[in-house]
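The values are calculated or read from the model by the stated rules, or taken from the named source; none is laboratory data. Because the structure is predicted, anything quoted here is derived from the model rather than measured. Note that each Cβ is placed from the backbone with ideal geometry, even for glycine, and that neighbours are counted across all protein chains shown.
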Amino acid sequence: MLTKRIIPCLDVKGGRVVKGVKFRDHRDAGDPVELAAFYNEQGADELVFYDITASSDERGIMQAVVERTANQVFIPLTVGGGLRSVEDIRRMLEAGADKVSINTAAVLDPSFITRAAERFGSQCIVLGMDAKCIPGVYPPRWEVFTHTGADGGRAAGLDAVAWALQAVELGVGEIVVNSIDADGTQAGYDLELLRAISGAVTVPVVASGGAGTPEDLYQALVSGKADAVLAASIFHYGTYSISETKEYLVKQGIPIRI
Amino acid sequence: MPKMLKDGHKVITIIDYGAGNLRSVVNAVTKLGFQPKITNNPDDVSSARALILPGVGAAADAMASLKKLGLVSPIRRFIAEDRPFFGICLGLQILFSGTEEGGWHECLDIIPGRVRKLPAGLKIPHMGWNQVRQKISHPLFDGVPNEANFYFVHSYYAEPDDKSLVVGETEYGVSICSVIARGNLVGTQFHPERSGEIGLKIYDNFMKFALTARLSSL
């Protein structure tokens, strides 16, 4: 049986791992390559590097980080943040990334998804979607945000579910659903958002934003119907290790790779 | 007669035809102390001791690249001579007669059978870690526990006409042929280069039997 994936996400800025709360107040949490090796030993199923500044002069730093990681760590690695062209993607894949996550560039020009998928295959094109609940609407709806690497981000004027469906049609092979409301709060994933996306699309869905306890991961997988869970703070600050999180999930009857 | 390994005999030829996972495969081979020779030259392919065909992405594009590089005949001949060959993911699928991917495309036609779309109802691609059930004992599985997890990412799966070639199976809606073997040819649907320590073990096993005693002489 296909197991559910536990994916630590390393937000990288200037070659170092940081993690902000609601995309603000970045704190330093270490060397990305060391952390990648550490998480691999602990049983991480994949890794995500998210380049949170991704200015063009820092692109080279990220490439070097990906290269050093891929030399040492033999589990799938996704790189996201600021990838704007087929050439940007090619460079990351050549450095050793298995997948790339695209967000803003895909919203601004949806045909970018198709060009990327045709060139490299859908399996390595991940839609990173940042969504925020629209207040006072029932049934609940979520709006897509871009430029979330900068403070707060910008509303894209797109419905999250409709955008997810369109992106799959255009060729993405996976969707990371990040709740802006939940990100960094450690109060649990946005389960309604996850259910809405996962129920709508045929590709795997990765839950992101809000993990505080192993119970939150369990809820995302069961109640949120996610295929994988992404988390940062709870792992980076040692609140829970990946191995103890996995043991907990196994006890709850979730198929997990040990 | 098995030969003693010398440094010059630790070279593994990896075919570079634009496959996305080339770099990870090269890293895995290097990590294990072998010497990857990356090439798209037909002569290098013909003279290789052991070949790895990586692959990820679309079958039709991969076939077009192999044709353009003049690698189709050298690969066919290499396998016909039962020399050690390892196909990974798409590198396994394109050995078959043809694929349903994007209509119907003829492939290398080295293994009779077809490549089919995974059944609807489950998430596609089949992405993540899944168990491989070992159907027979095979040198590729040395030191690999039965039902060990490997990393998969694919939307199509290979179905050989001759079921006895299936040495490893994985469940995802259907029984997928996840490991195939015919003489000194082996192939995996999963990505051993992305499957942690246990994946590296698969490469190590292949390179050991490829470079010392070949399977057929075991």
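What number of residues within the stretch A:94-107 satisfy the criterion of being surrounded by fewer than 22 Cβ atoms within 10 Å (Cβ to Cβ) and in contact (Cβ under 8 Å) with a residue 12 or more places away in the chain? Total meeting the criteria: 2. Considered as a group, the residues in the stretch B:42-62 that are within 20 Å of residue B:97 (Cβ to Cβ) and not in a strand (DSSP E or B) include one that is modelled with the highest pLDDT, and that residue is B:62. For the stretch A:1-51, the set of residues classified as among the β-branched types (Val, Ile, Thr) and either out of contact with any Phe, Trp or Tyr (no Cβ under 8 Å at 6 or more places or on another chain) or at pLDDT below 75 (or both) consists of A:6, A:7, A:17, A:18, A:21, A:33, A:48, listed by residue number.
Taken over the stretch A:90-101, residues that are modelled with pLDDT under 95, more than 10 Å from every other protein chain (Cβ to nearest Cβ) and within 18 Å of the chain's Cα centre (by Cα) amount to 1.
Quick one: how many residues across the stretch A:150-184 are buried (at least 16 other Cβ atoms within 10 Å of the Cβ) and not in a helix (DSSP H, G or I)? The total comes to 18. Checked against the criterion of being out of contact with any Phe, Trp or Tyr (no Cβ under 7 Å at 6 or more places or on another chain), under 15 Å from residue B:91 (Cα atoms) and at pLDDT below 85, the candidates B:18, B:8 yield just one match: B:18. For the condition more than 8 Å from chain A (Cβ to nearest Cβ) and either at pLDDT 95 or above or closer than 27 Å to residue B:61 by Cα (or both), residue B:140 qualifies. Of everything listed in (1) within 13 Å of another protein chain (Cβ to nearest Cβ); (2) crowded, with 23+ Cβ neighbours inside 10 Å; (3) modelled with pLDDT under 95, the single unmet condition for residue A:258 is (2). Tallying residues that are surrounded by fewer than 24 Cβ atoms within 10 Å (Cβ to Cβ) and touching a helix residue (DSSP H, G or I) at 6+ places or on another chain (Cβ under 7 Å) within the stretch B:79-96 yields 1. Residues in the stretch B:127-144 that are in contact (Cβ under 8 Å) with a residue 60 or more places away in the chain and within 16 Å of residue B:183 (Cα to Cα): B:139, B:140, B:141. Residue count for the stretch B:19-37 under the criterion of being touching a residue at least 60 places away in the same chain (Cβ under 8 Å) and not aromatic (Phe, Trp, Tyr): the result is 9.
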